[in-house]
1. Quick check, is residue 68 farther than 30 Å from residue 330 by Cα, of a type outside the set (A, V, I, L, M) and within 14 Å of the chain's Cα centre (by Cα)?
2. Quick check on this structure: which one of 180, 100, 172 is surrounded by 15 or more Cβ atoms within 10 Å (Cβ to Cβ) and at negative phi?
3. Among the residues of segment 218-238, is any of a type outside the set (A, V, I, L, M, F, W, C), crowded, with 23+ Cβ neighbours inside 10 Å, touching a residue at least 60 places away in the same chain (Cβ under 8 Å) and at negative phi?
4. Yes or no: residue 114 among the charged types (D, E, K, R), in a loop (DSSP other than H, G, I, E, B) and under 19 Å from residue 311 (Cβ atoms)?
5. With assigned to a helix (DSSP H, G or I), under 20 Å from the mean Cα position of the chain (by Cα) and either surrounded by 15 or more Cβ atoms within 10 Å (Cβ to Cβ) or among the basic types (Lys, Arg) (or both) as the only criterion, which of 121, 140, 196 stands out?
6. Within segment 293-350, track down each residue that is assigned to a loop (DSSP other than H, G, I, E, B), surrounded by 21 or more Cβ atoms within 10 Å (Cβ to Cβ) and within 17 Å of the chain's Cα centre (by Cα).
7. Can you name every residue in segment 71-118 that is within 19 Å of the chain's Cα centre (by Cα) and among the basic types (Lys, Arg)?
Amino acid sequence: MSTHDRALMPDYLRLIALFGIVIVNVQYIAFPALGDFAEPLGETTADSVALWLVNGLALLKTYGLFSFMFGVGLGFLMRSAARRDLPFGPLYRNRMIGLLLLGLAHGCLFYPGDILVIYAVTGSILYVLRDWTVRHLVQVGVGLLVLQTVVGTPLFLAPSSTPADVIELERLINTGGSFLDALTFRSIGFALFLPVFLIAQGISALGWFCLGLAAVKSGMIDNAAHPLWQRARRVCLLPGVLLGLLGAALWQWGPGGFGSWGGFNGAGTLGAALVIIAAPIATFGYLGVIAALARPPGPILGRVLAAGGSSLSIYLGQSIILTTIFSGYGLGLWDEVDRVAATAIAVLVTIALIATLSVWRIWFKTGPFEWVLRHVTYAGVNRQASKST
């Protein structure tokens, strides 16, 4: 594909999603993560406002952008396999195995909120749907997003049953534990929470996968000026953002929450539910905005977008660096800075990773983790193709 024919929207989408997801993830890397999800905390006014903006504008929305991009990636992989006359089944199987292995290592070693394992599991289901029509993919995708709000909302908002001594153990390990202590604690937490995440996040992930694949099949991803992107921008952006911010405000500052028997009760719980319901609406609006931004870049932005193409390396690099900064075995900043500072650190780390990969890609075609995944993906596939011919 030539420079002029290249679809620009995925490059902008990856770059924006990388900043959005790290802003969310750092809230769980730098601060306690085992309390009630339905009780966001902010110790100062600036702290509270920062958390309100993260929950209202980014929480679950950037996850949707990432998941949409995964479906787009499947479509591009199908195109590449057809163009090179490679067997798509083994290619895709190897890719899911590679994602699974990287995700398991990431979740145990650095960040239990890993999304790669969820992508590998739900992405395997997407393979079955790969030949569906655009219409059917859209119908299933939207249906799954609606289903996620019904099934996932109670799971997200269920009162924490974490014992007080486990919450204290989290503090002890993150403030003074060794890397081995952190590894053990993260691995256990990852194993315990993964089944819940697979349901609470996996349903919506598969929905966005379907919509991303539909965008490739329909040609929308190649045409940033498509009328549906304009409609998403006009119809979804403002309602999604306003509903998300309103929900986040009620969630954080509204009276009430869960009742003593775990029932839904109070403005705080209603606000949290609104954040979850608003997420897909806002994400569609964000996609419309990204389409409007997707124009041929200049030399500097072009390098930045190319580095953003190594999104796997940046995503994993964010966790590796941030956990080292905030953990007791690193700089020990866990729960020592406010959320404004933690968010700023996360953004600066992402900028540094993009700058590093911009230099890296002067000599190498892909990022380091993309290189690993690519080698796993194509392992034995080229030999199979040559034998069949």
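1. On the way: farther than 30 Å from residue 330 by Cα: yes; of a type outside the set (A, V, I, L, M): yes; within 14 Å of the chain's Cα centre (by Cα): yes.
Here the answer is yes, as residue 68 does meet what is asked.
2. When all the criteria are applied, what remains is 100.
3. Narrowing segment 218-238 to residues of a type outside the set (A, V, I, L, M, F, W, C): 218-219, 222-223, 226-227, 230-231, 233-234.
In the following step, the residues that additionally are crowded, with 23+ Cβ neighbours inside 10 Å were identified as none.
So far as segment 218-238 goes, no, none of its residues is of a type outside the set (A, V, I, L, M, F, W, C), crowded, with 23+ Cβ neighbours inside 10 Å, touching a residue at least 60 places away in the same chain (Cβ under 8 Å) and at negative phi.
4. Details: among the charged types (D, E, K, R): yes; in a loop (DSSP other than H, G, I, E, B): yes; under 19 Å from residue 311 (Cβ atoms): yes.
Spelling it out, residue 114 is indeed among the charged types (D, E, K, R), in a loop (DSSP other than H, G, I, E, B) and under 19 Å from residue 311 (Cβ atoms).
5. Numbers: 140 fails: under 20 Å from the mean Cα position of the chain (by Cα); 196 fails: either surrounded by 15 or more Cβ atoms within 10 Å (Cβ to Cβ) or among the basic types (Lys, Arg) (or both).
Going through 121, 140, 196 in turn, just one is assigned to a helix (DSSP H, G or I), under 20 Å from the mean Cα position of the chain (by Cα) and either surrounded by 15 or more Cβ atoms within 10 Å (Cβ to Cβ) or among the basic types (Lys, Arg) (or both): 121.
6. Filtering segment 293-350 down to residues assigned to a loop (DSSP other than H, G, I, E, B) leaves 294-298, 309-310, 327-338.
This time we only want the ones that are surrounded by 21 or more Cβ atoms within 10 Å (Cβ to Cβ), so: 294, 310, 327, 334.
The answer is 310, and nothing else.
7. 95
Values in this text are rule-based calculations from the coordinates and carry no lab data. All values reported here derive from a predicted model rather than from experimental measurement. As a convention, Cβ positions derive from the backbone with ideal geometry for all residues, glycine included, and neighbour counts pool all protein chains shown.
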